[in-house]
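Take a look at the structure set out below.
Throughout, read-outs are computed from the coordinates displayed, never taken from laboratory work. Computed from a predicted model, the values in this text were never measured in an experiment. Every residue, glycine as well, gets a Cβ built from its backbone with ideal geometry; the counts of neighbours run over all protein chains shown.
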Amino acid sequence: MATTTKSLRSFLQGSLSDFAESCQMGPLVTATTLTSLVVLLANLREEGAELTPEVYLCENLEETLKLLPDRDVLQIGHAVDPISAITEGLKKCSPLAIGGWSVYLSSIAGNYEFGLFRGSLNPLSISVNSTLFSEPLESIKVVRLFRTATGCVELCNNNNNTHCILLNDRQEGGPKPNQHAETLPELICRDVPENLREPSTTYVGKTLDRALGACHGTLIAITKKDTVPSFLKDGVVLLSPLDLYEAVAKKSKFNQEITNEHRLNAYAALIQGMVGSDGITVFSTKGRLLAYNCFIQSPSKVDGKPVVGGARTRAYEALRKKIGNGIDAVFIQSQDGWTKLAKEQL
């Protein structure tokens with residue numbers, strides 16, 4: 001009996017060849033090196049714990065990081081070839097890529113280096129990802145890889161080309177796993193005064209990005225009211241809501257007072273805990289967190305059809321039916337990192 005062994009490796013290399021060529025960063029960035037990185041990042045673990053580092057490939061680290069204010073770099077090691085740099089770099093650096101630190105792999109004049117870097121720790125600063133990839137850059141060459149969900153790795157380069165590689169049975173052509181998460185900050189800050197809407201959205205975006213990356217699924221409801229809807233039961237309603245807009249306003253007005261920055265960092269830690277809790281976290285469109293650990297009576301059927309999924313999915317469907325009746329938007333992130341969003345049409 002003949003035995004045949006099949007591998008996704010050749011398929012991945014073929015899928016990534018055009019992207020690799022567009023980066024013009026060989027030999028660090030080729031279809032082969034990107035394939036190795038994608039496979040490693042898709043299921044990266046250390047002592048049984050999942051690791052989801054942001055990995056940046058660049059030709060000249062110093063030139064690349066000039067765009068980042070208050071940056072810091074920690075060089076970890078060298079390698080003799082790109083594959084060794086990838087293997088050793090991820091093994092030694094990935095467990096440290098937390099709290100704003102990212103992994104870098106660089107090559108210049110045939111030398112390969114790996115380590116970690118971070119951007120500004122100012123809670124109102126624009127994220128590293130947004131700084132480097134918000135628009136095409138011609139002065140530098142850089143590639144970012146990041147696991148956005150179970151079995152999904154996203155690649156982006158300085159030309160604003162993005163690839164999502166799915167190592168599962170999901171259909172091609174759908175939205176990115178985290179696409180709806182990118183809309184959340186704008187909804188939460190929709191009714192913040194215009195002069196502080198942008199920094200408030202930046203802060204909420206960075207805070208939620210870390211919170212969603214650390215949790216194992218969550219539900220978020222957004223209301224334009226100042227109170228929690230009555231149909232949300234058994235929740236922890238804050239007597240004094242976390243006023244994120246007010247904290248941002250104080251930081252913007254009194255930038256030199258360190259207590260205002262500490263307040264933003266402290267709120268971010270609380271939000272991470274609340275979003276990671278069981279139940280529903282409730283925000284208002286004025287940039288306030290009103291409650292967490294809330295629950296709603298969930299139907300077993302929607303529009304006469306059984307709801308496919310667990311308790312979180314049923315709660316999402318129940319909240320979706322309340323849009324326009326106390327709720328303006330509802331967001332769900334499943335345990336594997338995929339997201340959905342429903343909102344009122346304005």
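In straight-distance terms, cross-link reach from LYS92 covers every one of the lysines whose alpha-carbon lies under 27 Å from its own, apart from those fewer than eight places away in the same chain; here that gives LYS66, LYS141, LYS206. Take every Cα pair under 8 Å in the stretch 180-343 that's 6+ residues apart, average their separations, divide by the length, and report that relative contact order as a whole percent. Across the stretch 180-343, relative contact order equals 32 percent. Between GLY100, GLY276, GLY26, the Gaussian network model of the chain with springs among Cα atoms under 10 angstrom shows the greatest mean-square fluctuation at GLY26. Would you indicate which of (i) 21.7; (ii) 22.9; (iii) 24.9 is the value of Kirkwood radius over Cα pairs in Å derived from the coordinates of this structure? Answer by label: (i).
Screening the chain for whole DSSP H helices of 18 Å or more along their axis (Cα) with average Kyte-Doolittle hydropathy at least 0.0 returns 258-275. Sequence-distant contacts, meaning Cα pairs under 8 Å at least 6 residues apart, place the relative contact order of the chain at 15 percent. Report the calculated FRET efficiency for GLU198 and SER84 (r = Cβ-Cβ distance, R0 = 51 Å), to the nearest 0.05. Plugging the Cβ-Cβ distance into 1/(1 + (r/R0)^6) gives 0.75. Computed from the C-beta positions of ASP234 and ALA49, the FRET efficiency with R₀ = 25 Å rounds to 0.20.
Can you tell which of LEU244, ALA268, GLY279 lies farthest toward the positive end of the dipole of the stretch 233-285, using +1 and -1 charges on the Cβ of basic and acidic side chains (Lys, Arg; Asp, Glu)? Working it through, the farthest residue towards the positive pole turns out to be LEU244.
Treating only the Cβ of Lys, Arg, Asp and Glu as charged (+1, +1, -1, -1), what charge dipole size does the chain show about its Cα centre? Round to the nearest 20 debye. All intermediate terms of the calculation are to be shown ahead of the outcome.
Details: 35 positive and 37 negative charges, 245 e Å.
So the magnitude is around 1180 debye.
Taking 0.36 nm per residue of separation and subtracting the Cα-Cα distance, full extension of the segment from GLN75 to LYS340 would add 91.5 nm.
What size of dipole, in debye to the nearest 20, comes out for the stretch 90-222 about its Cα centre when the only charges are +1 on Lys and Arg C-beta atoms and -1 on Asp and Glu C-beta atoms?
Values: 12 positive and 12 negative charges, 104 e Å.
Here the stretch 90-222 has a charge dipole of around 500 debye.
Placing unit charges on the Cβ atoms of the charged side chains and taking the dipole of the chain about its Cα centre, the candidate lying farthest along the positive direction among PRO53, ALA214, THR32 is ALA214. Centre-to-centre, using Cα atoms only, the stretch 314-346 and the stretch 126-199 are separated by 21 Å.
Here's the picture: a label point sits 7 Å out from the Cα of GLU135 along the beta-carbon direction, and within the stretch 177-209 nothing has its amide nitrogen under 14 Å of it. Excluding same-chain neighbours fewer than eight residues apart, the aspartates and glutamates reachable from LYS251 by a Cα-Cα span under 15 Å are GLU198, ASP243, GLU261. Assuming charge only on the beta carbon of Lys and Arg (+1) and of Asp and Glu (-1), the dipole of the stretch 5-131 about its Cα centre is about 260 debye to the nearest 20.
Using a Gaussian network model of the chain in which every pair of alpha carbons under 10 angstrom is joined by a spring, one finds that among LYS233, LYS253, LYS92 the greatest mean-square fluctuation is at LYS253.
Bridging of LYS343 to aspartates and glutamates at a Cα separation below 16 Å is possible for GLU182, GLU186, ASP191, GLU317, ASP328, once same-chain residues fewer than 8 apart are set aside. For LEU8 and ALA311, the FRET efficiency from 1/(1 + (r/R0)^6), where r spans their Cβ atoms and R0 equals 25 Å, is about 0.15. When the label point is put 7 Å from the Cα of ASN122 along its Cα-to-beta-carbon vector, which residues of the stretch 58-99 have a backbone N closer than 19 Å? Of the residues in the stretch 58-99, 65-73 have backbone N under 19 Å from the label point off ASN122.
Would you calculate a helix-derived [θ] at 222 nm for the chain, using -39,500 (n - 2.57) for each DSSP H run of n ≥ 4 and dividing by the full residue count, to the nearest 500? If you can, show how the numbers build up before the last one.
Numbers: 10 runs with 114 residues, N = 346.
Estimated from H runs of four or more residues: -10000 deg cm²/dmol.
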